[in-house]
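Heads up: the structure comes next, in structure tokens.
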Amino acid sequence: MRPAPLRLLPFVWGALGTTIVFTGVYLFFVRTYMGQVLDERSFAGADVWKGDLIDFAHAFLNALPAAAVVIGAIIAVVIVLVRRNWLVFIIAVIAAVAANVSTQVLKYSVLSRPSKGVDAGLANSLPSGHTAVAASAALVVFLVASPRYRPLAAVVGSVFTIAAGASTLVEQWHRPSDVIAGMLVVAFWGCIAGIVVAGLRLSPADPPVRSKLWALVWIAAACGVWAAIALIVTYTSTQNGTEHLFIAYAGGVSAIAATSFLLAAIGNRLYRALA
């Protein structure tokens with residue numbers, strides 16, 4: 001077993017990294033004029049191009065809070081009864097609760113959205129609470145799962161989180177930056193949970209998880225490239241007075257997918273040696 005400081009360090013870096021990225025997302029997309037414009041174009045594009053997706057989004061989001069908690073709890077408890085890792089379960093639940101509470105505190109008490117003349121002066125909506133609920137439910141299942149099945153839990157959880165986040169965009173509840181910020185909050189608390197679990201000197205995974213989810217990384221990279229292209233096109237359109245709302249909308253969804261898949265792959269890597 002590696003010394004405790006070496007086992008803790010990756011999670012410390014993970015917590016620091018998610019904090020830095022979260023801060024960058026907030027400062028650019030909420031505090032600057034251009035960031036608000038880019039976010040708002042994607043938001044407007046979702047409204048124009050939502051089509052029949054609005055029915056799915058509406059039903060999904062209405063059921064999400066209860067479904068995520070109930071289904072996530074049932075799956076997690078079944079796993080815990082088999083693996084008898086109650087301590088990890090308690091840590092995972094505390095991390096999930098902390099993620100959801102901090103999301104609400106950040107959104108309503110800490111962060112603010114200055115008026116830049118871009119939107120209708122809506123109050124700050126970053127981070128997304130529904131995204132945090134979905135991601136934190138996925139986090140609990142991921143943490144208590146057997147190391148052998150954590151890659152599968154990471155993939156399913158990331159898809160579930162993308163569905164929740166994209167639905168809030170289609171439903172016109174949140175902008176893409178809100179969704180990404182919600183994922184980052186949960187990822188931060190997932191790293192904090194990792195620090196605690198690694199520090200408890202629990203038995204290591206034997207053997208460690210071999211899957212590095214490279215397919216997920218490549219999908220995230222492809223989505224990230226498209227999101228970057230869409231960002232450039234949207235930025236350019238603001239300079240010449242044209243609108244490419246579909247491109248902005250697709251770019252926002254791609255950024256959400258890239259973030260979720262990348263965080264899932266990184267989380268799988270960080271937890272690979274923990275029981």
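The values are calculated or read from the model by the stated rules, or taken from the named source; none is laboratory data. Since the structure is predicted, the reported quantities are computational estimates derived from the model, not experimental observations. Glycine also receives a Cβ, built like all others from the backbone with ideal geometry; neighbour counts cover every protein chain displayed.
Some values worked out for this structure:
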read-out: Filter result for the condition that a residue is within 22 Å of the chain's Cα centre (by Cα) and modelled with pLDDT under 95, over W218, W214; value: W214
read-out: Residue identified as surrounded by fewer than 24 Cβ atoms within 10 Å (Cβ to Cβ) and either in a helix (DSSP H, G or I) or free of Cβ contacts under 8 Å to residues at least 12 places away in the same chain (or both) among V140, V159; value: V159
read-out: Count of the stretch 70-101 residues which are over 12 Å from F142 (Cβ atoms) and in contact with a strand residue (DSSP E or B) (Cβ under 9 Å, 6 or more places away or on another chain); value: 0
read-out: Qualifying positions in the stretch 228-273 - aliphatic (A, V, I, L, M) and buried (at least 22 other Cβ atoms within 10 Å of the Cβ); value: A230, A248, V253, A255, I256, A257, A258, L263, A264, A265, I266
read-out: Any hit, the stretch 48-60, residues being surrounded by fewer than 13 Cβ atoms within 10 Å (Cβ to Cβ), without any contact (Cβ under 8 Å) to a residue 24 or more places away in the chain and assigned to a helix (DSSP H, G or I); value: yes
read-out: Cβ-Cβ under 7 Å pairs, at least 6 apart or on other chains, the stretch 61-72 side closer than 23 Å to Q172 by Cα, far side part of a helix (DSSP H, G or I) and of a type in the set (S, T, Y); value: L61/S167; L61/T168
read-out: Answer from T18, T32, T23 - the residue that is under 30 Å from L231 (Cβ atoms) and buried (at least 19 other Cβ atoms within 10 Å of the Cβ); value: T18
read-out: Residue pairs meeting the criteria (Cβ under 7 Å; at least 6 apart or on separate chains; first over 7 Å from S128 (Cβ atoms) and among the hydrophobic types (A, V, I, L, M, F, W, C), in the stretch 168-179; second at pLDDT below 95 and not in a helix (DSSP H, G or I)); value: V170/K50
read-out: Single unsatisfied condition, A198 versus (1) surrounded by 24 or more Cβ atoms within 10 Å (Cβ to Cβ); (2) among the hydrophobic types (A, V, I, L, M, F, W, C); (3) out of contact with any strand residue (DSSP E or B) (no Cβ under 7 Å at 6 or more places or on another chain); value: (3)
read-out: The stretch 96-129, residues that are surrounded by fewer than 24 Cβ atoms within 10 Å (Cβ to Cβ), touching a residue at least 40 places away in the same chain (Cβ under 8 Å) and in a helix (DSSP H, G or I); value: A98, S102, L106, G129
read-out: Cβ pairs under 7 Å, 6+ apart, first in the stretch 239-255 and over 21 Å from W218 (Cα atoms) and hydroxyl-bearing (S, T, Y), second at pLDDT 90 or above and assigned to a helix (DSSP H, G or I); value: Y249/S42; Y249/G45
read-out: Subset of the stretch 15-41 (residues that are farther than 23 Å from A187 by Cα and either β-branched (V, I, T) or free of Cβ contacts under 8 Å to residues at least 40 places away in the same chain (or both)); value: T32, V37
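Residue-wise test of (1) in contact with a Phe, Trp or Tyr (Cβ under 9 Å, 6 or more places away or on another chain); (2) modelled with pLDDT of 90 or more.
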position	(1), (2)
Y33	no, yes
D39	yes, yes
A63	no, no
A95	yes, yes
S102	yes, yes
K107	no, yes
